[in-house]
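This report refers to the structure that appears directly beneath it.
The values are calculated or read from the model by the stated rules, or taken from the named source; none is laboratory data. Keep in mind the model is a prediction, meaning the values are calculated, not measured. A quick note on method: Cβ atoms are made from the backbone with ideal geometry, for glycine too, and the neighbour counts reach across all protein chains shown.
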Amino acid sequence: MVITRSGLVLGATAVTLTTIAVTSLGIHSQGQALFKESPKELVDEVWQIIQRQYVDGTFNQVDWQAVRKKYLNKSYGNKQEAYKSIREMLKLLDDPYTRFMDPEEFKNMQVDTSGELTGIGIQIGLDEKTKKLTVISPIEDTPAAKAGVLAKDIITKINGKSTEGMDTNQAVSLIRGEAGTKVKLTVLRGKEQKEFVIARAKIEIHPVKFSQQKTPVGNVGYIRLNQFSANAGKEMQNAIKDLEKKQVAGYILDLRGNPGGLLFSSVEIARMWMNKGTIVSTKDRKGEPEREVASGKALTDKPLVVLVDKGSASASEILSGAFQDNKRAIIVGSQTFGKGLVQSVRPLDDGSGMAVTIAKYFTPNGRDINKHGIDPDVKAELTDKQRQELWLRGRDTLGTMKDIQFVKAVEVLGKQIAATGTTRAEK
């Protein structure tokens, strides 16, 4: 998840499903000149950032002072040698989400979420338990989704090259490329190995799609949120207002396959549905909590069901957790991805950058969902085959009575509507 108006990395570039705060985007010419004279300055800059901000004050049981001494005692002939040492230094923390980005990688990190992107349409990260390169989610209606790539697929090879020991930045450089060119992904799904040859394309992301659906329980507002981008809040607001005019009886908010995005977007959207209560809290290394709360300006109080699956991560889990703990919605589907770490992304003086884990986020009731995720109130599991068929048919099936999980959501929503006596509009 990303806290930055410069956006979430999409398409062929990687997202680690953590909250990212860009604290500054300026490049300082004085620092740049200093770096040219001494690559050691950059090594020390990275060490200092970890020293001040890293979420674990023990640095995952690493003697961080000794690390500084070791790497500052080395001689560096050029910046590439410094980059290598920085990566070695950060690897000691055993945290795949605290990482270094060279200038090109850092530029990719700042891709605008609202723009047109070139890639295959997957979001990837390192699984924190296995350290395997894992598909967080294929983005709807993209080459990867149409090819049949699924959330939780483990990428074992890219164009025949093993991903063992590969970080997300290295994977990105192999996956991305010009529109029209192809990339071959070898993935492990359970015990089955699959190969996908996927043509890269320009991808335009529309965060919100909505419709009025006639169902056995009345007219229902169906809103599908693909990602928490900078303009997702405005599009969500428009969707709710439009559906309210149609006097829908209740809502189904679909977060399946939504890998996250901007924290401020998830908070903004939560406030459209919640009149009161805590939305999310974060705790840094000192254990000091910060809270985001509802503002009393909800756009509707009608019954709400939220659909989630194992591709729902980060900001999706914040929103689902807020609704669940505040009893604002019933969560239907399968267990979510489980990413509850907050990162700060910092520019460095030579145009490179780094991401450092600075905090954890918690649901309103204080649940730490990292590595576990959100458990749905009502389970509606799909087999891999059912999931693949659902996502391949995509726009024609999602949010219709041909969608098994949607059908379950309608059933659950019907009980809520009956309990509240909400009017069933039949327009």
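What to note about this one:
- Counting the residues of segment 330-353 that are within 22 Å of Phe264 (Cβ to Cβ) and not small (Gly, Ala, Ser) gives 9.
- Asn219 polar (S, T, N, Q), touching a helix residue (DSSP H, G or I) at 6+ places or on another chain (Cβ under 7 Å) and surrounded by fewer than 22 Cβ atoms within 10 Å (Cβ to Cβ): no
- Residues satisfying the stated conditions in segment 138-159, i.e. in a strand (DSSP E or B) and more than 19 Å from Gly177 (Cβ to Cβ): Ile154, Thr156
- Given (1) in contact with a helix residue (DSSP H, G or I) (Cβ under 8 Å, 6 or more places away or on another chain); (2) under 20 Å from Glu292 (Cβ atoms), index of the condition Asp349 fails: (2)
- Any chance Ile240 is modelled with pLDDT of 95 or more, outside the structural domain of Leu299 (by TED's automatic domain parsing) and not in a loop (DSSP other than H, G, I, E, B): no
- Against the numbered list (1) on the phi > 0 side of the Ramachandran plot; (2) under 21 Å from the mean Cα position of the chain (by Cα), Ile223 comes up short only at (1).
- Test: Lys402 is of a type outside the set (S, T, N, Q), within 24 Å of Glu290 (Cα to Cα) and without any contact (Cβ under 8 Å) to a residue 12 or more places away in the chain: no
- Residue match in segment 160-180 (condition: in a strand (DSSP E or B) and either among the hydrophobic types (A, V, I, L, M, F, W, C) or within 22 Å of Lys310 (Cβ to Cβ) (or both)): no
- Under the condition of being touching a Phe, Trp or Tyr at 6+ places or on another chain (Cβ under 9 Å) and of a type in the set (Phe, Trp, Tyr), the residues counted in segment 47-76 number 4.
For (1) within 28 Å of Asp375 (Cα to Cα); (2) small (Gly, Ala, Ser), each residue gets a yes or a no:
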site: Lys202; (1), (2): no, no
site: Gly218; (1), (2): yes, yes
site: Asn238; (1), (2): no, no
site: Leu263; (1), (2): yes, no
site: Gly277; (1), (2): yes, yes
site: Val280; (1), (2): yes, no
site: Lys283; (1), (2): yes, no
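- Candidate set: segment 106-138, residues that are at pLDDT 80 or above and over 20 Å from Gly373 (Cβ atoms); chosen: the one nearest to the chain's Cα centre (by Cα): Gly121
- Only one of Gly321, Gly373 that is at pLDDT 90 or above, closer than 24 Å to Arg285 by Cβ and not in a helix (DSSP H, G or I): Gly373
- Looking only at segment 222-249, and only at residues there that are surrounded by 24 or more Cβ atoms within 10 Å (Cβ to Cβ) and small (Gly, Ala, Ser), the one that is farthest from Val306 (Cα to Cα): Ser229
- Flag for Ser229 being in the same structural domain as Lys415 (by TED's automatic domain parsing), of a type in the set (Gly, Ala, Ser) and modelled with pLDDT under 90: yes
- The residues listed here are Lys339, Lys327; of these, the one that is surrounded by 24 or more Cβ atoms within 10 Å (Cβ to Cβ), basic (Lys, Arg) and assigned to a loop (DSSP other than H, G, I, E, B) is Lys339.
- Residue ID - modelled with the lowest pLDDT, chosen from residues in segment 146-170 that are touching a Leu at 6+ places or on another chain (Cβ under 8 Å) and hydrophobic (A, V, I, L, M, F, W, C): Met166
- Odd one out for Lys327 among (1) modelled with pLDDT under 95; (2) of a type outside the set (Ser, Thr, Tyr); (3) over 30 Å from Glu45 (Cβ atoms): (1)
- Checked against (1) modelled with pLDDT under 90; (2) more than 16 Å from the chain's Cα centre (by Cα); (3) part of a loop (DSSP other than H, G, I, E, B), Ile203 meets all criteria but (3).
- Residues in segment 137-151 that are among the charged types (D, E, K, R) and either in contact with a Phe, Trp or Tyr (Cβ under 8 Å, 6 or more places away or on another chain) or surrounded by 22 or more Cβ atoms within 10 Å (Cβ to Cβ) (or both): Glu140 alone.
- In this entry, Gly261 passes the filter for residues that are at positive phi and in the same structural domain as Val305 (by TED's automatic domain parsing).
- Boolean, Leu382 is more than 21 Å from the chain's Cα centre (by Cα) and crowded, with 24+ Cβ neighbours inside 10 Å: no
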